[in-house]
1. Could you check the stretch 142-171 and list, in sequence order, the residues that are surrounded by 19 or more Cβ atoms within 10 Å (Cβ to Cβ) and over 20 Å from residue 45 (Cα atoms)?
2. Just to be sure, is residue 57 closer than 30 Å to residue 137 by Cα and either at pLDDT 70 or above or surrounded by fewer than 16 Cβ atoms within 10 Å (Cβ to Cβ) (or both)?
3. Within the stretch 64-84, identify whether any single residue is at pLDDT 80 or above and either in a helix (DSSP H, G or I) or on the phi < 0 side of the Ramachandran plot (or both), and answer yes or no.
4. Anything in the stretch 104-123 that is under 27 Å from residue 195 (Cα atoms), surrounded by fewer than 17 Cβ atoms within 10 Å (Cβ to Cβ) and touching a helix residue (DSSP H, G or I) at 6+ places or on another chain (Cβ under 8 Å)? List them, or say none.
5. Of everything in the stretch 28-51, what is closer than 20 Å to residue 178 by Cβ and crowded, with 20+ Cβ neighbours inside 10 Å? Give them in sequence order.
């Protein structure tokens, strides 16, 4: 059961972490509308493969920090910082009018998904912050084989999220501005709450 829960936490982390309309989601959406379902699925698979490695890198650092008690307090402070940065980031996104305007070029969409996912600079800090938080409340165990299960879940969760955009492409494309504003403000409040909660727990 513990193994299964780590996969579920990984899926949930990636799904809700990527749910906000952004570069990857908009490209998946545009590829589905302009090129077709098969190519958009290839793109989603490529992006999900990179998420596996990004989450793996984040968990590697989280494991290192946890095994070194001297940096635990610094780690907790870093987690608070990450949550507040993410809260500001999603709040700023909620103020922008989001449209499905991404340039789609020809080529191998699987590798294109890998390339675009690789330049997602927020991915590793996000997975690091969430994994530290889940570890601090004893929801996940940051050691093998749990790390592998967790990052596998993150990869699956990212693909499921991308496929949600593919499946509901026509509906989302018509309501993208409304969806972006509301989801981003919710995520902003969520990360702000997590940051405040973690800070109170650290002080207490």
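The values are calculated or read from the model by the stated rules, or taken from the named source; none is laboratory data. Only a predicted model underlies this, so the values are computations on that prediction, with no experimental measurement involved. Heads up, the Cβs are rebuilt from the backbone with ideal geometry, glycines too, and the neighbour counts pull from every protein chain shown.
1. Across the stretch 142-171, the qualifying residues are 142, 146, 147.
2. Criteria met by residue 57.
3. yes
4. 118, 122
5. Answer for the stretch 28-51, where residues must be closer than 20 Å to residue 178 by Cβ and crowded, with 20+ Cβ neighbours inside 10 Å: 28, 29, 30, 32.
Conditions tested, residue by residue: (1) at pLDDT below 90; (2) touching a strand residue (DSSP E or B) at 6+ places or on another chain (Cβ under 6 Å); (3) assigned to a helix (DSSP H, G or I); (4) under 26 Å from residue 28 (Cα atoms).
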site	(1), (2), (3), (4)
121	yes, no, no, yes
127	yes, no, yes, yes
140	yes, no, no, no
181	yes, no, yes, yes
186	yes, no, yes, yes
